[in-house]
Amino acid sequence: MSFPALTILSLLPVGAAVLMLLLPRANATLPRVTAGTLSLLILAYTLLLWLRFDSTCGTFQFEERHAWITALHVEYRLAIDGISLVMLLLTAIVIPIGIAASWRTERRPSLYFALIFLLQATMFGTFTALNFFHWFIFWELSLIPAFFLIRLWGGKRAGRAATQFLVYTMVGSVTMLLSFLAIYVATGSFDFTELAGRGAGFLPAVAANLGWPYLTPGHLALLIFAGTFLGFAVKVPLIPFHTWLPATYTEAPSGVTAILTGAMSKMGVYGFLRILLPIFAPQIRQLITPLLWLSVATIVLSVFAAFAQKDIKRIFAYSSINHLGYCLLAGFALVRTSNPALLPEQYAALSGILLQLLSHALTAATIFWFISLLEFRANGDRFLSDFGGLRRLAPVFAGLMGIALFSSLGLPGLNGFPAEFLIFKGTFPLVPWATSISVLGLLITAVFILGVIQQVFTGPLHANRANFFDLTGAERCALAPAITLMFILGIYPQLVLSALNRTVIAYMHQLRF
Amino acid sequence: MTAPLSILAVCAILLGLLGTPAWPWFQSFLNGERSVIAEHVPGVATIMVTSSAIALFGIFLGWRLYGRKPISATETPDILSQLQPQTFRLLNHAYYVDLIYAATFVRLTRWSARLADIFDRFLFNGIVQGISFGVLTLAWIDSFVDNYIVNFGFDTGWRSLSIGGRVLASLQGGRVQTYLRFIGLALVALTIFLLWGAAR
Amino acid sequence: MLAWTIYISFLGAGAMLLLPNRAAKTGVRCLALFTATAGFGIALSAFLRHRTGEFFTVTDIDWIPALGIHYHLAADGISLSLVLLTGIVAVAGVLFSWDIDDRTNQFFAFYLLLIGAVYGVFLSYDLFLLFVFYEIVIIPKYFLIANWGSTRREYGAMKLAIYSFVGSAMVLVGLIAAFVAAGSQSMSLDYLAGSHFTAAFQLVAFPVVFIGFAILAGLWPFHTWAPTGHVAAPTAASMLLAGVVMKLGAYGCLRVAMTLFPLGLQPWSHHVLGFASWREVFAVLAVVGIIYGALVALVQRDFKFVIGYSSVSHMGFILLGLMTINLIGVSGAIIQMISHGLIAGLLFAVVGRMVYARTHTRELNALGPMNLSRLLPFAAVTFILAGMAGMGLPGFSGFVAELMIVLGAWGAFPALALCVGFGILIGIVYVWRAMQKAFFAEPDREAPPPHSLQPISLPEKLAAFLLIASSVAVGLYPQMVLNIIQPALNSPLFAGLRHGGWQ
């Protein structure tokens, strides 16, 4: 029997969580250091998986397959391809950043870090599972540690925000469950690859099989698609299903927000790529225009809303919606045409999506790390009007945060640029009008990010910030790898893309409509 | 301020060496072919002469207006402002581009931003709050129905049943005299009925 | 051997009553625990031994030969799973009642009597015997609630008893009618299931017997005894009541009503109020119960009422699963019986034993400021896990059950499947609301710090662990129960039901 690498990957954070809970209460530094070390060990294991990943074949690797509930055709099946690998990697990178951003948590740090590790375990589980039952377990379970992290360590209105987050996401999950059960009734399968491999016309056949007298098979297929779509649209999120996000990201502690924006939002996009596009491609084509409008709205509305905010966390919450909107735009554009001449464009778009996921994870998590450092030095103030002229007192802070902000803006040379470039290069030939409008997103992002830099770092020194101190040596050492990675990915994205090429080709080949 | 400008100027000049149409060495280098010095490039001469002329004229004008007598103090008014006040004002306000920009694009962007924010806070959020309000109302209605209609219905049913039972219970007082009295009455009624029947 | 589950419980009850009132409390409790554990052990060994799920006879003795009534105990996969459930909940209930101080021996005597009778119902093969045990269940129930209960206990106990008697009366009428119509030969299950009653007879007998049993199963609108009864009962009694006794009703629906009168589920010749068959009527009532129970639970102020109404809601799932008449739906209903038995037990234990017994209040608004998550962390974590299980979170038994029931519903009543989705959502909301208000509300800063509460004792922790572990085991590996349930559903006994067509 081959080495169960993926099961171990999901179990490592669980073990870490248990370890955190067993630590003695008294010491304050012990939980932090232990958590940081464990998260880096998990990152090392993930990198090991990366190195052993065979980039020359585009199929699933590290497969583990066992019978589980035979009465329901449920298997224990784990495997990864390039897409899953990117997700695992970005999760493994974001968790240490989140832990570093939560370094100064005072209340029950062991429980806090244990919940973060449990969250990581559920995310690993989601990204490796290939059977719906198994995948859904982790999808739902991820909400529980997230809820408690927001509720117990969050701001003043954390209770309402956390409840809204939970209920909203659960609504999407329940509709997704109903859809998948409908598919199972007609096909008898819960396996993603098997359902994806059934070809273009299977969903109306499913609908015909269910035998509803009230709806035509085509409409029933659309209904089933809508159920699953809602589940992912809430998670990414897509406007208008995004209202839970600003409140949740703002009220959660910055370390948790880093993880939410860095990894949890990617679960939604992963769902789009793994489940929605392969299985429901014909339905997406039927609804392509409204869906494209929704993604354009996501990109444009969120970025304008970001510009109007005064709370720094809220600005970047909306910015997060915007960056993932590009991924969705490209994702929908992938099924726009089956013209083989446009295949290179589709490859570019898909590679762009994956790179954008990795890049945004790194950038957004680092930005929230900086925000947590900012909050600590400012005693919890985090409105734009509370800052000013910090460049003079903390030049290194301003410089490094500036780098992270420019990366979010998409400055060439940093990791944001290749991703957005690939997305635009790929989607423009596929959906020119939508892409043209989305360029507004890039423009306004630049506007509000420069606005943030201007209001926080330049100008006259704010009266309350007289004792703002610069980054300590330890913080600089901790931030250095993240910043360096931004440069590396910006200048040499081939590092990541070379492992994904085969997967991208195989994925587009399989996408039949 | 002069030092950075000088550096920029030198770099700009050097950049001009990159894409010369007469000798496209950089394009050839990128394309991987050998470059050839073109003998005759049409249409270029006019541009080269005109642009150089304008640049030289600008340098001459600068030397003429400002180079010979450098301005000693900042309060001294600019020469051009005395010679050509309108031109000076136009140049001073940077062709009013900034003002146009602020009045149009910037104002539009700020408006859009505020609109998007209001949209988000009140429209989308309003819908979500509305749904949750609707569900809670439904829940209160159901609770009311349960307590006062369903439960009440059954409780009233049982109460009337037990009243009926009490009525019946009062008939079964357990007192022998009452039973004997009823038996006696029944006996009398039976006798009358039998006698009457026999009389027929 | 399985019959000893009944006998040991009765003997234990008898022994308990013979002990003097002054007997050492610990001795009484240990005896009760021993009896319950012995019953559980026997059930578990039988469960592990009989892997095929087919019917096997435990005892068969002539009882009243003139009427053809036998003392016939038998078990198949369904009965075995439910017997095992009873064993687990019984042990947990004894552990959670470790603190009963008032007339301890009488309490445990009634408790063990109840357990024994429940075992009897699940193991009966002769329907007269089943009815006898079914009636025996009612008596200890009444006394447990009336003597050791809390809010409005006499009213709650009397209401519960009256509803149960009405239900039993309806069942008796149906059973006697079936006995007579089958030729007054025997009341054995296979004999009655095999005698072909006329369709007209079945169309009348089925609803009578089904409603008779369904009253105990909490079918809307006959459910109002459940919230008052559960709230009034002491913790162990509510655990048994919601966990096991309500399942007696559902079991009776499946084993008696649906097995004997399968034609009662066939479509009528004409539509009444938009319904075309008893099947549709009961399915819709079940879904109404699911949504209605969940909605009402959402606005309750008393913690225990929330759980009481949640029981009504979860029982609706079971009844819907039964009405889907396909293999997956009915298997799902049985798994939900097991799952809800465990989860309801856990929820009532947390609310009644862990919280109420210490804080003496069940008002959610009063519990909030007490900062219970800090004072009783074990209770908070247990409630979170139990709540997650109750709202159908994957990984626990509730999810598998709801999944299978919805699958069955998709095949049979697609529109109702969507309503069930809505019900699941409300289920999530009310559980979360109760949990937040009780454990995680903002602590009242002006109030004096509350005196520290008694920590959770070892018996409570053991019992909580037992119930959670069982729920997770069924949730992650339901095949171990499905292996014996599905062959049982495919047995010749359900042939009449199958001619309606397993889908």
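Read-outs: derived from the displayed coordinates by stated rules, not from any lab. Small disclaimer: the values here were computed from a predicted structure and weren't measured. As a convention, Cβ positions derive from the backbone with ideal geometry for all residues, glycine included, and neighbour counts pool all protein chains shown.
Which angle between 0 and 90 degrees, to the nearest 10, do you get for helix B:107-118 versus the longest principal axis of chain B when only C-alpha atoms count?
So the inclination is approximately 20 degrees.
Read phi for every residue in segment C:134-143 and hand back ³J(HN,Hα) as whole Hz from Karplus 6.51 cos²θ - 1.76 cosθ + 1.60, θ = phi - 60°, with x for Gly and Pro.
So the J values, rounded to whole Hz, are 4, 6, 4, 4, 5, 4, x, 4, 4, 5.
Among C:VAL400, C:VAL94, rank each residue by its count of other Cβ atoms within 10 Å, from fewest to most, as a rough exposure measure.
Placing the least packed residue first, the sequence is C:VAL94, C:VAL400.
Given the rule -39500 (n - 2.57) for each run of at least 4 DSSP H residues, summed and divided by the residues of chain B, what is its mean residue ellipticity at 222 nm, to the nearest 500 deg cm²/dmol?
-22000 deg cm²/dmol
Using only the alpha-carbon atoms, how far is helix C:153-181 inclined from the longest principal axis of chain C? Give it as 0 to 90 degrees, nearest 10.
10
Among A:357-369, C:70-82, A:45-57, C:386-398, how do they line up from the highest to the lowest mean number of other beta-carbon atoms within 10 Å?
A:357-369, C:386-398, C:70-82, A:45-57
If you take the beta carbon distance between C:VAL381 and C:THR26 as r and set R0 to 30 Å, what does 1/(1 + (r/R0)^6) give as a FRET efficiency, to the nearest 0.05?
0.60
So, in nm, how far is label A:TRP433 from label B:LEU161 when the simple model puts each one 7 Å beyond its Cα toward the Cβ?
Each label point lies 7 Å from its Cα, and together they span 7.0 nm.
Grab the beta carbon distance between B:TYR96 and A:ARG198, set R0 = 60 Å, and tell me the FRET efficiency rounded to 0.05.
About 0.40, to the nearest 0.05.
Averaged over A:299-305, how many beta carbons belonging to a partner chain fall within 10 Å of each residue's beta carbon?
The shielding value for this peptide is 5.
How far, in degrees from 0 to 90, does helix C:25-49 lean away from the longest principal axis of the Cα atoms of chain C, to the nearest 10?
The answer is roughly 40 degrees.
Once you order the gyration tensor axes a ≥ b ≥ c over the Cα atoms, which shape class does segment B:2-75 get: rounded for a/c under 1.5, otherwise prolate or oblate by comparing a/b with b/c?
oblate
Only helical DSSP H runs with n ≥ 4 go in: add -39500 (n - 2.57) per run for chain A, normalise by residue count and round the 222 nm mean residue ellipticity to 500 deg cm²/dmol.
-24000 deg cm²/dmol
Which order, highest average first, do C:267-280, C:171-184, A:123-136 follow once you tally other Cβ atoms within 10 Å for each residue and take the mean per peptide?
Peptide ranking by packing, descending: A:123-136, C:171-184, C:267-280.
Assuming R0 = 35 Å, can you tell me the calculated FRET efficiency for the pair A:LEU23 and C:ASN365, based on Cβ-Cβ distance, to the nearest 0.05?
0.45
Holding the Cα-Cα limit at 24 Å, pick out from A:LYS156/C:LYS304; C:LYS25/C:LYS141; C:LYS247/C:LYS437; A:LYS266/A:LYS425; C:LYS141/C:LYS304; A:LYS310/A:LYS425 the pairs that are longer than that.
A:LYS156/C:LYS304; C:LYS247/C:LYS437; A:LYS310/A:LYS425
For chain A, what is the relative contact order in percent, using Cα pairs closer than 8 Å and at least 6 residues apart in sequence?
17
Which of A:THR91, A:THR250, B:THR137, C:THR5 comes first, and how do the rest follow, when ranked by fewest Cβ neighbours within 10 Å?
Ordered by Cβ neighbours within 10 Å, fewest first: B:THR137, A:THR250, A:THR91, C:THR5.
Using alpha carbons only, how many angstrom separate the centre of segment A:1-34 from the centre of segment B:47-120?
63
Counting helices only, and only those DSSP H runs with n ≥ 4, report the 222 nm mean residue ellipticity of chain C as the sum of -39,500 (n - 2.57) divided by its residues, in deg cm²/dmol to the nearest 500.
For chain C, the value works out to -22000 deg cm²/dmol.
Sort A:LEU230, A:LEU495 by Cβ crowding within 10 Å, fewest neighbours at the top.
A:LEU495, A:LEU230
Tell me, what ³J(HN,Hα) does each residue in segment A:387-398 have, in order and in whole Hz, if you take phi through Karplus 6.51 cos²θ - 1.76 cosθ + 1.60 with θ = phi - 60° and put x for Gly and Pro?
Couplings: 10, x, x, 6, 4, 6, 7, 9, x, 5, 4, 4 Hz.
Can you list residues whose amide H is under 5 Å from A:GLU63's amide H, if they're 5+ apart or on another chain and H is modeled 1.01 Å from N?
Result for A:GLU63 returns nothing.
Going by the alpha-carbon gyration tensor, a ≥ b ≥ c the square roots of its eigenvalues, is segment C:368-474 rounded (a/c under 1.5) or, if a/c is not under 1.5, prolate (a/b greater than b/c) versus oblate?
oblate
Taking each residue of A:243-250 in turn, how many C-beta atoms of other protein chains fall within 10 Å of its C-beta, and what is the average?
The per-residue average across the peptide is 2.
Other chains' Cβ within 10 Å of C:404-416 residues: what's the mean?
4
Going by a ≥ b ≥ c, the root eigenvalues of the Cα gyration tensor, does segment C:67-124 fall in the rounded group (a/c under 1.5), the prolate group (a/b larger than b/c) or the oblate group?
Cα axes put segment C:67-124 in the oblate bin.
In percent, how large is the relative contact order of chain C, given Cα pairs closer than 8 Å and 6 or more residues apart?
17
Quick one: which of C:341-354, A:268-281, A:23-36 comes out on top by average Cβ neighbours within 10 Å, and what's the full order, highest first?
Peptide ranking by packing, descending: C:341-354, A:268-281, A:23-36.
Can you give me the long-range amide H partners of C:GLY149? Hydrogens built in the peptide plane at 1.01 Å from N, cutoff under 5 Å, separation of 5 or more residues or another chain.
none
Could you pull out every residue, at least 5 positions away or on a different chain, whose amide H is within less than 5 Å of the one on C:VAL58? Hs are placed 1.01 Å off N in the peptide plane, and Pro or chain starts have none.
Correct list: C:LEU73, C:ALA74, C:ALA75.
Can you list the HN-Hα couplings for segment A:359-370, worked out from phi with the Karplus curve (6.51, -1.76, 1.60; θ = phi - 60°), rounded to whole Hz and with x for Gly and Pro?
5, 5, 4, 4, 5, 5, 4, 5, 4, 6, 4, 4
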